[in-house]
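Visitor: Here it is, the structure in full.
The values are calculated or read from the model by the stated rules, or taken from the named source; none is laboratory data. Just so it is clear, the model here is predicted, and its values are computed rather than measured. FYI the Cβ positions are ideal-geometry reconstructions off the backbone, even for glycines, and counts take in every protein chain you see. The protein model used for the area step is the full one, side chains on, heavy atoms only, and it has no ligands, DNA or RNA in it. Shrake-Rupley method; radii C 1.70, N 1.55, O 1.52, S 1.80 Å.
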Amino acid sequence: MQPNALDRFAKQAERFVAWCEQDAAVGTEAAAHCLRLLVDLFQAGLELPPYEATDQDESPFAVSHEDWDRMFQRMARLPLDMYGTVFDPLLIPPAEPVVASLADDLADIYRDVVVGLRCHKAGLPEAALWEWA
């Protein structure tokens, strides 16, 4: 039996979460591996079925602020953190650039991915899809 799109995304989510929690690589090696994982995760996300999000109570699998902060600190192993970005690229004339943090972005992705993964592992596919939609 071939895995469905939700299972394929869960597999990529597991790989990304394992990298976040356990991988010890640093510098450009860590950045290259992270980029490959994010591309795979994004590609699997494009295959997820359409899902109309509804109001839902906070997941019992929510990531604590302490766990989020631990991921944020682990991302310091990457060779860069702060970068400039334009908040609204459709605004003409363009808005002033703002500074963003790659560590913050990756910790947020971790939080979003791991909560859905916990739902998926608990046999709650609708809740997982809600988290990943």
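Visitor: Could you give the accessible area per residue of the chain, probe 1.4 Å, as a whole number in Å²?
Guide: Here the per-residue accessible area is 64 Å².
Visitor: From the helices alone, meaning DSSP H stretches of at least four residues, give me the mean residue ellipticity at 222 nm for the chain, per-run term -39500 (n - 2.57), in deg cm²/dmol to the nearest 500.
Guide: Helix-only estimate at 222 nm: -19000 deg cm²/dmol.
Visitor: Ok, one more. Build a GNM of the chain with springs between Cα atoms under 10 Å: which of Gln43, Gln12, Gln22 gets the top mean-square fluctuation?
Guide: Gln22
Visitor: So if the hydrodynamic radius of the chain is defined as the Kirkwood radius over C-alpha pairs, what does Stokes-Einstein give as its diffusion coefficient at 37 °C and 0.692 mPa s, in µm² per second?
Guide: Here the translational diffusion coefficient equals 203 µm²/s.
Visitor: Of all the accessible heavy-atom surface of the chain, with the other protein chains kept in place and a 1.4 Å probe, what percent is carbon and sulfur?
Guide: Percent of accessible area from carbon and sulfur atoms in the chain: 58.
Visitor: Which order do the peptides 4-11, 79-86 take when ranked by the mean count of other beta-carbon atoms within 10 Å per residue, highest first?
Guide: 4-11, 79-86
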